[in-house]
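One structure is given here, and the rest of the page talks about it.
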Amino acid sequence: MRSMDLRVLLAGGALLSISVGATTRVWADWSGQPTRLAAAEHYASAVTTRVALLVGPQDVAVAKEYGRWRGPAEEPALPDIAGRWMGIWSGYGVMARRTSTARAEFMQAGRWGWGKIALADTLAADVPVIVSYRGALGVPVVFDVFQTAVVVKHEAGGRHLTAVFKIDGDQLVGMLRGYGTLIVLARQPVSRPR
């Protein structure tokens, strides 16, 4: 029985060493050829995976010959939400629905960004505890921008705070996930020094 286990182990080791050698040779062959990145970038995200296609010059020539070459795939530009935002929030309080001011400040680098969201007068409102605790200081957040929406989460994770906003020009309309709290924000114009 032990000799059978040893044989299986040796056979597995031999197959692994052959595949590593083959992979190294294939990579050497591919890295020596001039190739071109023809499709979108690869994002390391659990939500979205984009695939990069390697296309050689011979593939481009064949595609052009048959009229099927349309150039590299391009994605539409993502909305820019960087800046200061002011508005209102509305949610349930102890006795009745409450409404007060909301503000946010976002910085964006491509698809992702960071910033703060502050909701005023939340001590007796049905909002995440971190929002009441941070008060006027604002909750530090990170966000992911899509074509028509922004997903905002507390910098320590979505279990503390998650909000989903719809982008409508210079307005963000969203809800705090798990709460009946509506937030409407409008972009503030940038004041230039005179």
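The values are calculated or read from the model by the stated rules, or taken from the named source; none is laboratory data. This structure is a prediction, so every number in the text was calculated from the model and none was measured. Cβ placement follows ideal geometry from the backbone for every residue including glycine, while neighbour counts extend to all protein chains displayed. Heavy atoms of the whole protein, side chains included, go into the accessibility calculation; ligands, DNA and RNA do not. Shrake-Rupley method; radii C 1.70, N 1.55, O 1.52, S 1.80 Å.
Mind listing whichever residues of region 134-181 are open to solvent by less than 80 Å² (accessible area, probe 1.4 Å), in a strand (DSSP E or B) and in contact with a His (Cβ under 9 Å, 6 or more places away or on another chain)?
Within region 134-181, 139, 140, 141, 142, 154, 162 meet the criteria.
What tally of residues in region 77-87 results from selecting those that are more than 23 Å from the chain's Cα centre (by Cα) and open to solvent by 90 Å² or more (accessible area, probe 1.4 Å)?
0
Of everything in region 76-93, what is at pLDDT below 90 and of a type in the set (Ser, Thr, Tyr)? Give them in sequence order.
Scanning region 76-93 gives a single hit, 92.
Looking at residue 100, is it surrounded by fewer than 16 Cβ atoms within 10 Å (Cβ to Cβ) and either outside any strand (DSSP E or B) or touching a Gly at 6+ places or on another chain (Cβ under 6 Å) (or both)?
On the way: surrounded by fewer than 16 Cβ atoms within 10 Å (Cβ to Cβ): yes; either outside any strand (DSSP E or B) or touching a Gly at 6+ places or on another chain (Cβ under 6 Å) (or both): no.
No: the conditions fail for residue 100.
Being aliphatic (A, V, I, L, M), surrounded by 15 or more Cβ atoms within 10 Å (Cβ to Cβ) and not in a helix (DSSP H, G or I): is that true of residue 131 here? So that I can check it myself, show each step before the final result.
Numbers: aliphatic (A, V, I, L, M): yes; surrounded by 15 or more Cβ atoms within 10 Å (Cβ to Cβ): yes; not in a helix (DSSP H, G or I): no.
No; evaluated as a whole, the condition is false for this residue.
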